[in-house]
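Some notes on the structure that comes next.
The values are calculated or read from the model by the stated rules, or taken from the named source; none is laboratory data. Every value quoted in this text rests on a predicted model; they were computed, and no experiment measured them. Cβ: placed from backbone, ideal geometry, glycine included. Neighbour counts: every protein chain shown.
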Amino acid sequence: MKPIKVSQLNNYINRIISSDPLLSRVAVKGEIANIKYHGSGHVYFTLKDEASKLNCFLSSDALRHVRYELDDGMEIVAEGYMSVYERGGYYSLNVRNIEIEGVGDLAAAFQRLKEKLQAEGIFDTAHKRPLPFFPEKVAIVTSETGAAIKDILKIIQNRNNYVDVLIYPVLVQGPGAAADISAAIGKINELFPETDVIIVGRGGGSIEDLWAFNEESVARAIYSSDIPVISAVGHETDFTIADFAADVRAETPTAAAALAVPDIAELKRYIVSLKENMLYHIKRNIQNKEAALGYFAPAQLTQALAHRISLLQLKADSCYEQLTALSPRNIMERGYGAIASLDGKPIISIKELQCGDRFKVLLWDGSVEATVDDRREAGNDD
């Protein structure tokens, strides 16, 4: 037997594995171990069971489509194809897609992502905005064929027929749902900035069905939205990452519709009650005033009115005397005068006049023009 090089053998094995139809698309179940996130964005990990282990490679492109936060100890099903790394002399599973096996691991992935986003401030209450009292336009991001859209529209139409509704249909479950929902929130902000509130959600389902609303991209899209967002996913007992990121969490899509728009009929009833309450108090006030007037005889009323007029006259006379005492004309009658420029502008400082300047002297009964022959500032007797 003629010996061959190591590279030749590895290349041969690679061709054998690559041409095997079973190994070109295989799904392997196991537990993640020794996971490493490389600086390039690729992920390397070992998939193991109780008897063996398998090297796995997940490219950065494929990682974008993985809907879960991967970590050691998670039970997964990895789908991909087998290949040989000829230079290193080992084979691995090149992973195209990953599904988490079991509710327990989904709960762990949920908790890890929740803690990560919470540490970044994505859920901070200081960032949450109040909903507008009377929105003019409401956008709904959900499936166009699901029960949620029917429930939301029914509630809005029954409560408020003045609101403009924009339906933005998206996938609400499956591998592409999170990207679809995230893009929709961004597009509404970009194309319809006049929107007052966005409802994002779907009807009930299993934790796997609702998982799109537990993905990081959806939480970040909600957080980045300039328009307030109501999260309405599943039933009252269902909590998602989207609920924590949203400005308001509604227990159900129906509850979201009720939160988004006020009830016109209820507002009208409230306005009627305000009107009736106001008229009641006006009427009571008039009755009280009439009753108070009834305690006085006509002569007493005339006397009280005359006394009131007298007091007001005394006050007016006092104000007149004060104004008269401060009148410049009265001050001038006591021997004072004022000077001004020829155009009538008051002169209040010697610095405004120089020798030879002409000015007016204002007296109580007229004015004269004069010329500055000499000027002396205060404190200078020379």
Failed item in (1) modelled with pLDDT of 90 or more; (2) farther than 17 Å from VAL200 by Cβ; (3) surrounded by 15 or more Cβ atoms within 10 Å (Cβ to Cβ); (4) of a type outside the set (Val, Ile, Thr), with PHE110 passing the rest: (1)
Residue pairs meeting the criteria (Cβ under 7 Å; at least 6 apart or on separate chains; first touching a residue at least 40 places away in the same chain (Cβ under 8 Å), in segment 166-178; second of a type in the set (D, E, K, R) and surrounded by fewer than 22 Cβ atoms within 10 Å (Cβ to Cβ)): LEU171/ASP180
Please specify each residue of segment 37-60 satisfying the condition of being over 19 Å from ALA27 (Cα atoms) and surrounded by fewer than 12 Cβ atoms within 10 Å (Cβ to Cβ). HIS38, GLY39, SER40
What are the residues in segment 37-75 that are charged (D, E, K, R) and either at positive phi or part of a strand (DSSP E or B) (or both), if any? LYS48, LYS53, GLU75
So the helices (runs of 4 or more DSSP H) completely within segment 140-247 holding 3 or more residues that are modelled with pLDDT under 95, out of contact with any His (no Cβ under 6 Å at 6 or more places or on another chain) and exposed (fewer than 15 other Cβ atoms within 10 Å of the Cβ) are 147-159
In segment 31-80, residues that are in contact with a helix residue (DSSP H, G or I) (Cβ under 8 Å, 6 or more places away or on another chain) and hydroxyl-bearing (Ser, Thr, Tyr) total 2
For segment 223-257, what are the residues that are within 19 Å of the chain's Cα centre (by Cα) and among the aliphatic types (A, V, I, L, M)? ILE227, VAL229, ILE230, ALA232, ILE241, ALA242, ALA245, ALA246, VAL248, ALA250, ALA256, ALA257
Check on LEU314, touching a helix residue (DSSP H, G or I) at 6+ places or on another chain (Cβ under 9 Å) and not small (Gly, Ala, Ser): no
Starting from segment 126-138, take each residue that is more than 17 Å from ALA232 (Cα to Cα) and list its partners that are of a type in the set (Gly, Ala, Ser) and surrounded by fewer than 11 Cβ atoms within 10 Å (Cβ to Cβ), counting only C-beta distances under 8 angstrom and pairs at least six apart or across chains. HIS127/GLY121
Six or more apart or on different chains, Cβ under 7 Å: which pairs go from a residue in segment 15-36 that's in a helix (DSSP H, G or I) to one that's surrounded by 12 or more Cβ atoms within 10 Å (Cβ to Cβ)? Could you list them? ILE17/LEU23; ILE17/MET82; ILE17/SER83; ILE17/VAL84; ILE17/TYR91; SER18/SER83
Mind checking which residues of segment 38-48 are touching a residue at least 12 places away in the same chain (Cβ under 8 Å) and more than 13 Å from ASP72 (Cα to Cα)? SER40, GLY41, HIS42
Right, ALA78: of a type in the set (A, V, I, L, M) and either assigned to a loop (DSSP other than H, G, I, E, B) or at pLDDT below 90 (or both) or not? no
Can you give me the number of residues within segment 336-380 that are among the β-branched types (Val, Ile, Thr) and within 23 Å of LEU326 (Cα to Cα)? 4
Considering only segment 126-139, how many residues are out of contact with any helix residue (DSSP H, G or I) (no Cβ under 8 Å at 6 or more places or on another chain) and either outside any helix (DSSP H, G or I) or farther than 17 Å from SER224 by Cα (or both)? 8
Quick check on my filter: what residues within segment 252-279 are of a type in the set (Asp, Glu) and under 29 Å from GLU236 (Cα atoms)? ASP263, GLU266
Scanning segment 61-78 residue by residue, those of a type in the set (Lys, Arg) and surrounded by fewer than 16 Cβ atoms within 10 Å (Cβ to Cβ) turn out to be ARG64
